[in-house]
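The values are calculated or read from the model by the stated rules, or taken from the named source; none is laboratory data. These numbers come from a predicted model, not from an experiment. Positions of Cβ are backbone-derived with ideal geometry, glycine not excepted, and every protein chain shown enters the neighbour counts.
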Amino acid sequence: MSKRIYFISGLGADKRVFKNLTFPADYKLIYMDWIKPLPNESLEHYADRLSEAIDTSTPFYLVGLSFGGMLSTEIARKLHPVHTYIISSISTYTQLPWYYRFAGTLKLHQILSVGLAKRTSAIMYRLFGLKTQSEKQLLDQIVADTDPVFLKWALGCILGWRNVVRPDHLTHIHGTSDKILPIKYTQPDVALNGGGHLMVYTHAKEISKLLCK
């Protein structure tokens with residue numbers, strides 16, 4: 001059956017991370033663009049504004065990656081899509097590793113050097129589970145194109161998020177080798193063996209099958 005799917009990418013990323021996914025020809029795929037955050041805007045309020053681009057007059061599905069999964073969770077609570085899929089993400093703040101929450105309490109993101117955060121390295125490739133040259137080049141391009149103001153704002157939103165309600169009709173897909181959001185802190189519905197944080201790109205064949213069920 002045909003589906004209309006809205007995609008929300010991860011922190012600083014865009015639709016390039018979804019390009020290896022494959023869907024039947026009659027699926028309508030809509031990649032949501034980031035909007036400029038307002039000063040001191042919360043994740044919840046940003047999700048409300050972002051969701052204004054969704055046509056709710058016909059049934060739709062949501063797919064959110066990482067930070068986009070958190071936004072999808074907030075949107076799903078209000079707009080009630082047919083189904084929501086979050087990938088390499090979390091649906092409640094309690095699934096965020098304790099050390100991130102601790103960093104949020106101390107507001108360490110406020111002193112983060114954005115220039116350092118926007119620099120790729122062998123360590124970052126390992127954290128994201130990237131092995132091939134094309135995978136590394138994709139991350140390099142995404143990081144280079146990321147707006148530093150958006151990056152710092154989004155990090156603050158992630159660390160300060162306090163949602164405790166998991167929406168109905170949600171499937172959480174997580175990789176067993178995710179080093180950014182370790183699976184031991186989450187309660188995914190589907191665990192993908194060997195999947196890292198960018199498994200939507202590196203394990204696109206398996207993810208595609210799950211989204212097309």
Checking the structure you have, find out if any residue of segment 152-173 is touching a residue at least 24 places away in the same chain (Cβ under 8 Å), on the phi > 0 side of the Ramachandran plot and not polar (S, T, N, Q).
yes
Among residues of segment 6-37, those that are more than 23 Å from G156 (Cα to Cα), modelled with pLDDT under 95 and not in a loop (DSSP other than H, G, I, E, B), counted
1
Determine whether G195 is of a type outside the set (F, W, Y) and under 16 Å from S66 (Cβ atoms).
yes
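So that you can scan it fast, the table gives a plain yes or no per residue for (1) over 17 Å from L210 (Cβ atoms); (2) crowded, with 16+ Cβ neighbours inside 10 Å; (3) in contact (Cβ under 8 Å) with a residue 12 or more places away in the chain:
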| site | (1), (2), (3) |
| --- | --- |
| I5 | no, yes, yes |
| G10 | yes, yes, yes |
| F23 | no, no, yes |
| D26 | yes, no, yes |
| P37 | yes, yes, yes |
| Y46 | yes, yes, yes |
| S51 | yes, yes, yes |
| Y61 | no, yes, yes |
| F67 | yes, yes, yes |
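Let's see how each residue does on (1) outside any loop (DSSP other than H, G, I, E, B); (2) among the basic types (K, R); (3) within 14 Å of the chain's Cα centre (by Cα):
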{"site": "P39", "(1), (2), (3)": "no, no, no"}
{"site": "Y46", "(1), (2), (3)": "yes, no, no"}
{"site": "E52", "(1), (2), (3)": "yes, no, no"}
{"site": "T56", "(1), (2), (3)": "no, no, no"}
{"site": "P59", "(1), (2), (3)": "no, no, no"}
{"site": "G64", "(1), (2), (3)": "yes, no, yes"}
{"site": "G68", "(1), (2), (3)": "yes, no, yes"}
{"site": "I75", "(1), (2), (3)": "yes, no, yes"}
Over segment 141-156, the set of residues crowded, with 19+ Cβ neighbours inside 10 Å, over 15 Å from S9 (Cβ atoms) and among the hydrophobic types (A, V, I, L, M, F, W, C) is W153, L155
Would a scan of segment 142-151 turn up a residue that is outside any loop (DSSP other than H, G, I, E, B), more than 21 Å from L127 (Cα to Cα) and over 15 Å from the mean Cα position of the chain (by Cα)?
yes
Which one of these does I207 not meet: (1) more than 16 Å from the chain's Cα centre (by Cα); (2) in a helix (DSSP H, G or I)?
(1)
Looking only at segment 160-197, count every residue that is more than 25 Å from F60 (Cβ to Cβ), of a type outside the set (V, I, T) and assigned to a loop (DSSP other than H, G, I, E, B) and tell me the total.
12
Out of curiosity, is L138 farther than 16 Å from F67 by Cα, modelled with pLDDT under 90 and surrounded by 18 or more Cβ atoms within 10 Å (Cβ to Cβ)?
yes
Out of (1) of a type in the set (V, I, T); (2) touching a Lys or Arg at 6+ places or on another chain (Cβ under 8 Å); (3) at pLDDT 95 or above, the odd one out for I75 is which?
(2)
Please work out which one of (1) surrounded by fewer than 21 Cβ atoms within 10 Å (Cβ to Cβ); (2) of a type in the set (A, V, I, L, M, F, W, C); (3) at pLDDT 95 or above; (4) under 17 Å from N20 (Cα atoms) is the condition I207 fails and give its number.
(1)
